[in-house]
1. Count, please, the residues in the range 245-266 that happen to be free of Cβ contacts under 8 Å to residues at least 40 places away in the same chain and within 20 Å of residue 146 (Cβ to Cβ).
2. Being farther than 30 Å from residue 320 by Cα, at pLDDT 95 or above and more than 18 Å from the chain's Cα centre (by Cα) narrows it down to one residue among 256, 157, 189, 199; which is it?
3. Go through the range 89-133 and count every residue that is farther than 28 Å from residue 222 by Cβ, in contact with a strand residue (DSSP E or B) (Cβ under 9 Å, 6 or more places away or on another chain) and touching a residue at least 40 places away in the same chain (Cβ under 8 Å).
4. Scan the range 156-178 residue by residue and report those that are assigned to a loop (DSSP other than H, G, I, E, B) and either closer than 20 Å to residue 37 by Cα or in contact (Cβ under 8 Å) with a residue 60 or more places away in the chain (or both).
5. Go through 68, 52 for me and flag whichever is in contact with a strand residue (DSSP E or B) (Cβ under 9 Å, 6 or more places away or on another chain), under 25 Å from residue 9 (Cα atoms) and either in contact (Cβ under 8 Å) with a residue 40 or more places away in the chain or assigned by TED's automatic domain parsing to the domain that holds residue 228 (or both).
6. Of everything in the range 100-117 that's surrounded by fewer than 19 Cβ atoms within 10 Å (Cβ to Cβ) and part of a loop (DSSP other than H, G, I, E, B), which residue is modelled with the lowest pLDDT?
7. Look at residue 97 and say whether it is part of a loop (DSSP other than H, G, I, E, B), surrounded by fewer than 18 Cβ atoms within 10 Å (Cβ to Cβ) and at pLDDT below 95.
8. Please find, within the range 133-154, the residue that is nearest to the chain's Cα centre (by Cα) out of those that are surrounded by fewer than 17 Cβ atoms within 10 Å (Cβ to Cβ) and assigned to a helix (DSSP H, G or I).
């Protein structure tokens, strides 16, 4: 019989799918669909990885509490592993996080603390500082995906090898959104070890810091860091979990382009992703357009659009001038 002991055993091996309708050009454009993971996102991989690394280091004991600032998906990945391993979980989130994700976190048994989004990272009310306060008050363990090297290492060990094997080593370009930086960094380092000529392109929302940092070696001026509507990627700080030396270039995508790509993909490819997936698709198509038949561009959709239905509807889109 082939029966898995628990859902953690079915992580990974997510499919790679051509996007011929979205990009009918000469090069091949393909996407890795991470919503096929048991918890519905790419962050399932790092939830387990960070907990196992903490157990190995002796930072977690039975019955301990874990606290993590999250945009939702990492919290869900942690929640699955915490449930099966007997830990309590507290997630701090911003008020920008869709209601669907907050409801899911609670359904998995996590305690959710909602914090304001439009404050400085060092503000005591930010979701980063709130998580640190809960850590100190409750003696909790804080994996901190933004600094935890088990984050990119999870993708170096799993996502990168999967892409290499699925493409028979023919991949020429790796395009992915930069949130904590773990996914793009771990995959990029693995792929470049197999073939140093593979080019890695990061995707950043307009208003985030990554493109400016990659091009100038420093964070942008404060007046260039501003809110954006794309979920799950972009930052107002530089996490240690992003390996910038593995990334060759960063390009920006605006809110409107990302959201319109979501519906172009769902109507044309029958693939429904969130706005970060839409941004990745826009950037990957831009990279693929001038390339020849020998090129194979691979991107990644972190999760499904079902997690954002409170935004991916006519009322919300019209309110923010994002309707296709």
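The values are calculated or read from the model by the stated rules, or taken from the named source; none is laboratory data. Keep in mind that what you see is a predicted model, and the values were worked out from it rather than measured. Cβ placement follows ideal geometry from the backbone for every residue including glycine, while neighbour counts extend to all protein chains displayed.
1. Going through the range 245-266 one residue at a time, the tally reaches 1.
2. Working: 256 fails: farther than 30 Å from residue 320 by Cα; 157 fails: more than 18 Å from the chain's Cα centre (by Cα); 189 fails: more than 18 Å from the chain's Cα centre (by Cα).
Answer to the selection: 199.
3. 2
4. Within the range 156-178, the first condition is being assigned to a loop (DSSP other than H, G, I, E, B), and the residues that meet it are 158, 167-172, 178.
Across the range 156-178, the qualifying residues are 158, 167, 170, 171, 172, 178.
5. Details: 52 fails: in contact with a strand residue (DSSP E or B) (Cβ under 9 Å, 6 or more places away or on another chain).
After applying the criteria, what remains is 68.
6. 117
7. Working: part of a loop (DSSP other than H, G, I, E, B): yes; surrounded by fewer than 18 Cβ atoms within 10 Å (Cβ to Cβ): no; at pLDDT below 95: yes.
So residue 97 does not fit the description; no.
8. Residue satisfying both the conditions and the ranking: 133.
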